[in-house]
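Chemist: One structure, as C-alpha cells, below. Some questions next.
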Amino acid sequence: MIGKTGIVKGDIVAQRVIVSGGFTGSIDSECIEIMPNGKIEGTITCNELYIEKKGIFIGESKVKKMQDVNKIDKQINIEDKE
C-alpha cells in the first residue's frame, strides 16, 4: 500500500496493490486499486483494476494471464515458509 503522502518509483510485484499517493513504474499484481487522489504512471499488469473517483492512471494496462497468477501465488507461499 502506498499512503496518501507516499511517492514510489520502481517495480512492484504483489498479490494486491493499493495506491493513495503517487507511483511511477511498473506493477504486476492480481488486483490494483487506485484510491481518490492516487496516481499511477507506467505499465500495469493485472486481472482486476479499480479506479476510484478522482484516481488517476496514465500509461499502459495489460490483462494478466492465469498462468502468471499461479506463479505469483507459488512465490508468495515459498517466501512465507522461509
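Chemist: Rank by packing, highest mean first: peptides 49-57, 16-24, with packing defined as the count of other Cβ atoms within 10 Å averaged across residues.
Modeler: 16-24, 49-57
Chemist: Let me ask something else. Cross-link list LYS9/LYS39; LYS9/LYS64; LYS4/LYS39; LYS4/LYS65; LYS4/LYS54: which exceed 19 angstrom alpha carbon to alpha carbon?
Modeler: Table pairs above 19 Å Cα-Cα are LYS9/LYS64; LYS4/LYS65.
Chemist: Any idea how far apart THR43 and LYS65 come out in nm if each label point goes 7 Å out from Cα toward Cβ?
Modeler: About 1.5 nm, to one decimal.
Chemist: Provide the FRET efficiency to the nearest 0.05 for the ASP11-GLU52 pair, computing r from the beta carbons and using R0 = 25 Å.
Modeler: 0.60
Throughout, read-outs are computed from the coordinates displayed, never taken from laboratory work. Keep in mind the model is a prediction, meaning the values are calculated, not measured. A quick note on method: Cβ atoms are made from the backbone with ideal geometry, for glycine too, and the neighbour counts reach across all protein chains shown.
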